[in-house]
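Comments concern the structure below.
Every number in this text was worked out from the coordinates using simple rules, so none of it is lab data. Note that this is a predicted model, so its numbers are computed, not measured. Counting neighbours? That spans all protein chains shown, and the Cβs are built from the backbone with ideal geometry, glycine included.
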Amino acid sequence: MANRAEAYDLSYFEDRDTAQGHGGAVYGTGGSHAYQPVELPQAEPEPKVVELPEREPEGEPRQRHRPKRNLMRMAAAWLCFGLIFSAVMTAVYSEVQLTELTERINEAKKDLEEAESLEVQLTMQAAQKMSDAEVERYATEQLGMGKVTGSQVVYLHVAQQDRGTVVQEVGEGSWLDRAIAAVREWFA
């Protein structure tokens, strides 16, 4: 290899630069040892084509036909929305009921505590009024009663034996009473 330029095939580099559309300087492959820039012709860029949508005829407006699939999707979306909305509203309603019931329970507990306190007070008052001293005081002051004295005792003496007399005689009774009496006599 006498020189570097002969070792490499520089045509490869020229083709690649040209194929990629790189204009500008490319170093040529001359037999000399120095590289010299070579000007390549510039490729014209391709014009961009933009297609415009077709215009509708002005006489008749174009009616849009929505496929059934879009209607089904919309119906499914509304159904899902309705289900979610009803679930949320049910949860909110349940929370409101729970709060109201909790308040009622707390009020009932408060009323129960007050009633129990009143019951204890009334029980103590009743026990105080039912003592022996209180009963005796009430009997003497309000009812005019007193303790038993000897003059208030009356003794009864019965000389004869106790006996009963029938004031009215009972008839024989109905046939059913007689039948029952006869059965009783058989087993007696």
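Numbers at a glance
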| quantity | calculated |
| --- | --- |
| Simple Cβ-charge dipole of segment 77-118, Lys/Arg +1 and Asp/Glu -1, about Cα centre, in debye nearest 20 | 340 debye |
| Ranked list, fewest to most other Cβ atoms within 10 Å of each Cβ, for V135, V49 | V49, V135 |
| Net length gained if the chain between L52 and Y155 were fully extended (0.36 nm per residue, minus Cα distance) | 23.2 nm |
| For L79, L52, order by how many other beta-carbon atoms lie within 10 Å, fewest first | L52, L79 |
| Pair I180, S131: separation of 7 Å Cα→Cβ label points (nm) | 5.7 nm |
